[in-house]
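One structure below.
Values in this text are rule-based calculations from the coordinates and carry no lab data. Fair warning: this is a prediction, and the values are worked out from it, not measured in the lab. Every residue, glycine among them, receives a Cβ derived from its backbone with ideal geometry; neighbour counts consider all protein chains shown.
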Amino acid sequence: MFSVLQFGVVILIAYAGFIGAVWALISAASAPASAFVSAGKQSKTLWVVLTAAASAIQFVFLPFPFGTGSGPLNFLGIAGIAIAIIYHVGVKPAIAPYRGYKGPRGGGNRNTGGW
């Protein structure tokens, strides 16, 4: 019973790490290069390469039907998760003001009527 719970937690962490790494890769690839320079967060090329490597590592270490699941280099999975977390917590918020994204409706302070 306890081993099934442990396996479920490992699967949850593995898939969450993979999704987080792919999300970081998409975010880094879609951001303008000037945003990274303006925020002082290395270069876009470095972050795209790091997040691509993290995504590939996380894919390889997914459980059996998709990846190898484990092995002597399993600590690389932790490194992949760490790269994704560093991007989401440190880099993504820093480059957000320089992305030019104004929200789903174009953003800005619009007066839509009233008095």
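Express the relative contact order of segment 2-98 as a whole percentage, based on alpha carbon pairs under 8 Å and six or more residues apart in sequence.
Computed value for segment 2-98: 35 percent relative contact order.
For Val49 paired with Ser34, estimate the spin-label separation in nm (one decimal), with each label point 7 Å from Cα along the Cα-to-Cβ line.
2.4 nm
Taking just the alpha carbons, could you work out the radius of gyration and Dmax for segment 2-98, both in angstroms?
Calculated on Cα positions, Rg and Dmax stand at 14.8, 50 Å.
Once the other residues with Cβ under 13 Å from the Cβ of Ala39 are scored (Lys, Arg +1; Asp, Glu -1), what is the net sum?
Combined, the nearby Lys, Arg, Asp and Glu give +4.
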